Amino acid sequence: MSDPTQERPDTRERVRLAVGAALDIQAVDLRVRHLAPVTDFTDFFVICSATNERQAQAIADRVEERLRERGVRPLHAEGHQAGQWILLDYGDFVLHVFQEERRRFYALERLWGDAPDVTSELAA
């Protein structure tokens, strides 16, 4: 969905729910990138860090739980067992929960640096 006007009407609300759920579990350095202007495979990346494996798993679990309450399930999930980099793909947004070392290594914010940072808009 590369055209922001084609964004599903509830996408931003679901991103806000995911952000709130991650922050409930004390996610660290949470950022939201608006990818729709630069790619067509998803509209948003929600990227955050956890201090350890258990916290990473708890963040992902809380996000899944909060969205499931709204009838929304991820299309794809991976990394939960290891807890180093957990990815929940909801189609129009993707949640990445990293342990800090992995986050620095993969540097998604740098890789997608041309995507606007909309954290202040969606994490308020």
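Rule-based calculations on the coordinates, nothing more; no lab input. Keep in mind that this is a model prediction, so the values were computed, not measured. Backbone-built Cβ (ideal geometry, glycine too); neighbour counts: all protein chains shown.
Report yes if some residue within segment 12-28 is in a strand (DSSP E or B) and either in contact with a Phe, Trp or Tyr (Cβ under 7 Å, 6 or more places away or on another chain) or aromatic (Phe, Trp, Tyr) (or both); otherwise report no.
Within segment 12-28, none of the residues are in a strand (DSSP E or B) and either in contact with a Phe, Trp or Tyr (Cβ under 7 Å, 6 or more places away or on another chain) or aromatic (Phe, Trp, Tyr) (or both).
Determine which member of the set Arg103, Arg12, Arg54 is in contact with a helix residue (DSSP H, G or I) (Cβ under 7 Å, 6 or more places away or on another chain) and of a type outside the set (Val, Ile, Thr).
Arg12
Any chance segment 2-14 includes a residue that's under 11 Å from the mean Cα position of the chain (by Cα) and within 17 Å of Ser120 (Cα to Cα)?
yes
Residue-wise test of (1) hydroxyl-bearing (Ser, Thr, Tyr); (2) exposed (fewer than 15 other Cβ atoms within 10 Å of the Cβ); (3) touching a strand residue (DSSP E or B) at 6+ places or on another chain (Cβ under 8 Å).
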{"residue": "Thr11", "(1), (2), (3)": "yes, no, yes"}
{"residue": "Leu30", "(1), (2), (3)": "no, no, yes"}
{"residue": "Ala50", "(1), (2), (3)": "no, no, yes"}
{"residue": "Gln57", "(1), (2), (3)": "no, no, yes"}
{"residue": "Glu65", "(1), (2), (3)": "no, yes, no"}
{"residue": "Glu69", "(1), (2), (3)": "no, yes, no"}
{"residue": "Glu78", "(1), (2), (3)": "no, yes, yes"}
{"residue": "Val94", "(1), (2), (3)": "no, no, yes"}
{"residue": "Arg103", "(1), (2), (3)": "no, no, yes"}
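Quick grid of which residues meet (1) basic (Lys, Arg); (2) touching a residue at least 40 places away in the same chain (Cβ under 8 Å); (3) closer than 11 Å to Val97 by Cα:
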| position | (1), (2), (3) |
| --- | --- |
| Arg14 | yes, yes, no |
| Asp43 | no, yes, no |
| Asn52 | no, yes, yes |
| Glu65 | no, yes, no |
